[in-house]
Amino acid sequence: MFLNRIKLFLVISISLIFLSLTNIDVESGEIKSISGMVEVIDGDTIKIEKKKIRLFGIDAPEKKQKCQKPWLTISFMTFNKDYPCGEISKLKLKNKINNKFITCKSTNKDRYKRFIAECFKGKTNINRWMVRNGYAIVYKKYSKKYLAAENLAKNEKLGLWVGTFEMPWEWRKEN
């Protein structure tokens, strides 16, 4: 009788542990939909109803980051000038989606507790739109999903690709 109780206790304990572990796995892989009016924080971060969302698979220049673009070309010499590419990235995203109804699909959060998500304005994938127009680049460390869009922006010299810039993750390390 005593052994049966111990066996029963072990079976219940193992079952509870197994159940709690599978529940955690299900929650982390669950797609969470976040919809509402958007406030743009920077070129790759938005807010919907107090929920901060980091756009999945892309990295945009930081607000204070400067880039260079051709200013004057004389024969074989080109003079470049600095421009606020981080502010421009934010402004382009703002013009596209600020105060508009957006739907984001998230499966996890980053270390800053922001939702990592793909966001849509109607059928337009905002993440892809930012990369395709050269206002953000593919964050290859996390995803290569938007490489085709980045290659098109590079070939057409759109946005950041018109000149030179430091990769946002490198700029963050130095600043």
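A few notes on this one:
- Residues in region 51-106 that are surrounded by 15 or more Cβ atoms within 10 Å (Cβ to Cβ) and within 15 Å of Leu160 (Cα to Cα): 21 in all.
- Residue check, Ile46 surrounded by 13 or more Cβ atoms within 10 Å (Cβ to Cβ), modelled with pLDDT of 95 or more and under 22 Å from Trp171 (Cα atoms): yes
- Residue in region 90-110 that is within 12 Å of the chain's Cα centre (by Cα), in a loop (DSSP other than H, G, I, E, B), more than 22 Å from Gly36 (Cβ to Cβ) and not aromatic (Phe, Trp, Tyr) present: no
- Residue match in region 141-157 (condition: under 23 Å from Lys51 (Cβ atoms) and among the small types (Gly, Ala, Ser)): yes
One line per residue, one yes/no per condition, for (1) more than 29 Å from Ser35 (Cα to Cα); (2) in a helix (DSSP H, G or I):
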position: Gly86; (1), (2): no, yes
position: Phe120; (1), (2): no, no
position: Met130; (1), (2): no, yes
position: Asn151; (1), (2): yes, yes
position: Lys173; (1), (2): yes, yes
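- Qualifying residue in region 156-170 (condition: of a type in the set (Asp, Glu), modelled with pLDDT of 95 or more and exposed (fewer than 14 other Cβ atoms within 10 Å of the Cβ)): yes
- Filter result (more than 23 Å from Asn175 (Cα to Cα) and in contact (Cβ under 8 Å) with a residue 24 or more places away in the chain) within region 57-92: Pro70, Lys92
The values are calculated or read from the model by the stated rules, or taken from the named source; none is laboratory data. Small disclaimer: the values here were computed from a predicted structure and weren't measured. So basically every Cβ, Gly included, is an ideal-geometry build from the backbone, and we count neighbours across all protein chains shown.
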